Structures are given as structure tokens and as C-alpha cells.
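A short worksheet on the structure shown next.
Bear in mind that the values in this text are calculations on the coordinates, not laboratory data. Please read all numbers here as calculations on a predicted model, not as lab measurements. No Cβ is skipped: glycine too gets one built from the backbone with ideal geometry, and neighbour counts run over all protein chains shown.
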């Protein structure tokens, strides 16, 4: 039941946040269900083949209907749906749909949901759930709850910002947020059943959708399946740093109420409204001179976050390399220290360089 609950909750988030202000509510709901359902069916059939004791008699009818489709086809269907959804979200946001200024007109909920990192983070979560073990899927429910609690614990009061601004003034405190993300990433790695032993590497999900020899695809899927938790928290950092605070949501609602009151006061005098809007836009343009300063400040936020991460990774790598060098003649160098060194390199290159700096930086740049 927890697995089904996780998929339902993720489908709800995709429909309400990923497709918010991009598709009509009805089409967003249908698209979310159509996106999550293939992943759920594949995971159900895959678990039936890999660990039938976990499935039992669950959804026997669905397994009978999809018995003619092999697991490779089912996995590819799920991956293609995720890719199409990602492209649609990117294209629609680039074209101007679902941006902050559009969502803010609908109140605080739309203002919160309009952030592009949040949209892409939900799609990435669906991919990670597809790649992780079935028994680990309910943990992503707790990860989502923890990320929301983290935001409300660390959020600071902010002064109101302009509705048309795609950035906000006071983000989460960088050092506490980064340290917490770092701790949660490493905790989630071990919570999902991994360890520093080579024997704990899970190969079962490394061939999802792969029918032949493809070392790149298998390597990416292998890393995603074993580092699903750390990848989740790495991209969650970009989401947390770009979420608006409660004060900003209240500012959006205040502007909405003022616009409605102005409409009631002026009635049908459309030319007066247009003249006031023009003067308001000119005033915003006159006061937007320090925009580059604000952008530099926002870039400083992410640079400081990555710098703290890099310091930790560099210190841990240095300690491992010093230990391996000093004990290079030890009997256990190839049985104890070598796996630890390989894992340290995977954390540094795969998780920090590619996920933190690469994917996380990409999400931050498109906020």
C-alpha cells in the first residue's frame, strides 16, 4: 500500500505542480496519470519477475493484461513518457507559459508552483523511483516530507518582492541548508540499502529498457539506481533555494487583492487601467537598474553552496587517498581500501561533479 500511495502522491504532484499553468487542469490530471501509470506497471511486473514474494496477488489483472509486453518495452515506454513530459515542460516554459508573472495572477499557490526546478524535480523523482528497488519506493514519501519540513524550519522572514521578478531577496541560509542536504544525501544512500562494499551494488535495475550491449546506458542506470537518494537531495537543493517564502506568497496575494479592488473602483474605465499599468511598468523599469546586482547575488548563493560541497568532497577524498598511500603495502589493500577508494571516486565524480555541479547547476540556471 505504501508503494501505491507513493505513486499516487507523485502523480498528484506532477498534475498540480509540473503541469501547473501549462495544461488545463483536466489535461494535467490525465497527463500525470498517463505518465505515472507505465512506470507503476513496469515496476509491478519487474518486481513480480525479480521478487514475487513482494507482490503476492497484487494487481493480477494488470499483470495479465501486460503479460504479452516484455519488460524492456515497458521500461522504454516509461522512459519515453518521462522524456516527452520533460521536453513539453521546457518548451512551454520557454514560450512563456507558467512563468511567475502568469502564476502570480492566480494567487500564492500558483506563484509557488511556477518554479521550473520544482517541475523538473518531480519528473526526476519519477525516474529515480523507477530505478530504485521496490521496497525503497515508500522512502521517497518520507524524503518529500523531510524536504518540506526542512524548508519551513530554515525559511527566514523576507521583505516582499515584485511579482514580475523571477528571483527573490532572502533565500534559505546557505550554510545550514547545504550541510543538511549533505547529511541527508549520505544518510539516504545507506537508508536505501547501500554500503561501501562492492557486493552491495544493485545490478537488477541497471538494464531497465536495455536489450543489448550498451555500456553508457547501463552505467547511467546503474549509478541512478544505487545513488537514487543522493541524487534526489542534490536536485532538491536547487528547488529549496528557489522556492518562495510564505511572505512572498502573501505579497502575491496582496497584489492580487489590490488589482481586484482597483478593478472594482474604476469599473469599466479600461483606458485608466491601461494608463496606470503603463506608468507602473515604467516605474519598474526605472527601479530595475540593479538587476545585474541581484543576479550576481543569486549566482553567489549557488556558488557558495557548491563551494561548501566541494570542500567536504575534497577533504574526504584527501583522507582516503592518504590512507591508501600509507597502507599501500598492507595485506587488505585490495579487499578493504580499494572498494572504499572506488566509492570515494564515485561520490566525487559521479555524484558531486555530474549531479551537484552539472544537473543541480542546470536546474539553478533555469529557475
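Observations on the model:
- By the beta-carbon count within 10 Å of each Cβ, the least crowded to most crowded order of 349, 322, fewest first, is 322, 349.
- Listed peptides 352-364, 335-347 by packing density, highest first (mean Cβ within 10 Å): 352-364, 335-347
- Cβ crowding within 10 Å averaged over residues, with 129-135, 172-178 ranked highest first: 129-135, 172-178
- Pair-distance distribution of segment 37-90: all C-alpha pairs, bin width 5 Å, starting at 0; shares per bin in whole percent are 4, 20, 28, 20, 12, 8, 5, 2, 0.
- Sites residue 152 and residue 334 - FRET efficiency at Förster radius 41 Å, r taken between beta-carbons, to 0.05: 0.30
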